[in-house]
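Have a look at the structure below before the remarks.
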Amino acid sequence: MQNTAAPVITIDGPGGVGKGTVAHLLSKRLNWHVLDSGAIYRVVAFAAEKATISVDDCDGLLKLVNGLKPTFSTDNEGVMHVFLNKEDITARIRDPHIGTAASQLSVYPAIRTALLACQRQFCQPKGLVADGRDMGTVVFPDAQLKIFLDASPEARAIRRHRQLLQQAIDVTLKDVFAQIIERDERDRSRAVAPLRPAKDAVIIDTTLLSVDEVFAQVVLQWDLRQMQVLS
Ligand code: DC
């Protein structure tokens with residue numbers, strides 16, 4: 001299942017909590033690979049839209065997933081880029097409507113299973129920082145450290161709204177907040193791999209913390225974990 005030669009740190013949590021930012025900083029600090037698993041669900045949503053396959057059509061989506069050959073590369077800044085048929089779709093999959101479709105199609109167990117191998121192949125030496133919803137519970141259950149980041153929906157909406165404006169995606173804070181609430185409900189209540197902390201996860205409430213403070217806590221948790229291994 002997991003490449004035992006390579007350690008894994010998982011960072012799970014709801015949308016807009018800052019998982020991606022922390023995973024990125026941590027992978028740069030450790031010089032490890034990074035997996036943005038949400039991007040994989042977003043690629044499926046993007047490809048489905050292009051092929052006019054509805055998010056209600058599980059069989060159609062599954063056929064699409066089985067034929068899909070996305071490729072990934074990490075740039076000098078450590079950002080994971082996603083390519084489909086040689087086109088860099090990294091920015092295009094960030095559109096909020098693609099996020100909503102990704103959340104809708106991620107409820108199907110068969111699709112989740114079909115995407116497991118693609119996610120696990122990111123686990124390569126020297127190590128992997130994986131962010132998502134079920135990294136610690138399903139995809140990398142043997143991870144050396146599992147972090148679950150949480151924050152109030154209001155704080156997450158404000159952060160996500162800022163991020164989208166920086167990417168020149170024009171949405172209102174009200175709409176972003178409504179999407180966060182809707183997405184939380186769907187991601188937490190789905191039958192398979194719902195959003196929840198693994199039993200052995202360290203939970204960090206980031207509502208009142210800056211990115212630097214969250215990052216410092218995660219690094220400390222990793223240092224502590226290594227001390228436990230040594231003792
Ligand atoms: O993290 P994100 O916003 O890019 O994720 C988009 C959707 O993909 C999310 O709402 C649910 C789904 N997803 C998932 O089901 N499991 C993951 N590990 C990552 C994302």
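Laid out as a table, the results:
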quantity: When residues of segment 7-19 are limited to those that are touching a strand residue (DSSP E or B) at 6+ places or on another chain (Cβ under 6 Å) and of a type outside the set (D, E, K, R), the one farthest from Pro70 (Cα to Cα); calculated: Val17
quantity: Total residues in segment 62-71, condition free of Cβ contacts under 8 Å to residues at least 40 places away in the same chain and either within 19 Å of Ala23 (Cα to Cα) or exposed (fewer than 12 other Cβ atoms within 10 Å of the Cβ) (or both); calculated: 3
quantity: Qualifying positions in segment 77-128 - buried (at least 18 other Cβ atoms within 10 Å of the Cβ), in contact (Cβ under 8 Å) with a residue 60 or more places away in the chain and of a type in the set (Gly, Ala, Ser); calculated: Gly99, Ala102, Ser103, Ser106, Gly127
quantity: Residue match in segment 159-169 (condition: surrounded by fewer than 17 Cβ atoms within 10 Å (Cβ to Cβ), of a type in the set (A, V, I, L, M, F, W, C) and assigned to a helix (DSSP H, G or I)); calculated: yes
quantity: Failed criterion for Leu35 (all others in (1) out of contact with any helix residue (DSSP H, G or I) (no Cβ under 8 Å at 6 or more places or on another chain); (2) within 16 Å of the ligand (Cβ to nearest atom) hold); calculated: (1)
quantity: Scan of segment 172-185 for residues that are more than 13 Å from the ligand (Cβ to nearest atom) and either under 20 Å from Arg112 (Cα atoms) or surrounded by 15 or more Cβ atoms within 10 Å (Cβ to Cβ) (or both), ordered by number; calculated: Leu173, Phe177
quantity: Answer from Thr100, Thr90 - the residue that is in a helix (DSSP H, G or I) and either of a type in the set (Ser, Thr, Tyr) or within 15 Å of Ala23 (Cβ to Cβ) (or both); calculated: Thr100
quantity: Subset tally (residues that are among the polar types (S, T, N, Q), more than 23 Å from Thr137 (Cβ to Cβ) and touching a helix residue (DSSP H, G or I) at 6+ places or on another chain (Cβ under 8 Å)) for segment 176-224; calculated: 1
quantity: Candidate set from segment 95-137 (those that are touching an Asp or Glu at 6+ places or on another chain (Cβ under 9 Å) and basic (Lys, Arg)); member that is nearest to Arg160 (Cα to Cα); calculated: Arg133
quantity: Leading residue by the ranking (farthest from the ligand (Cβ to nearest atom)) among those in segment 41-67 that are aliphatic (A, V, I, L, M) and more than 21 Å from Asp131 (Cβ to Cβ); calculated: Ala51
quantity: Any hit, segment 98-108, residues being more than 10 Å from the ligand (Cβ to nearest atom) and either hydrophobic (A, V, I, L, M, F, W, C) or touching a strand residue (DSSP E or B) at 6+ places or on another chain (Cβ under 6 Å) (or both); calculated: no
quantity: Tally, over segment 186-203, of residues that are more than 11 Å from the ligand (Cβ to nearest atom), in contact (Cβ under 8 Å) with a residue 24 or more places away in the chain and loosely packed, with under 15 Cβ neighbours inside 10 Å; calculated: 3
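For every residue, the table says whether it meets (1) assigned to a helix (DSSP H, G or I); (2) more than 30 Å from Leu208 (Cβ to Cβ); (3) within 12 Å of the ligand (Cβ to nearest atom).
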position	(1), (2), (3)
Gly20	yes, no, yes
Ala39	yes, no, yes
Phe83	no, yes, no
Arg112	yes, yes, yes
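Only the coordinates and a few stated rules stand behind these numbers; no lab work does. This structure is a prediction, so every number in the text was calculated from the model and none was measured. Neighbour counts are summed over all protein chains in view; Cβ atoms, including those assigned to glycine, are modelled from backbone coordinates with ideal geometry.
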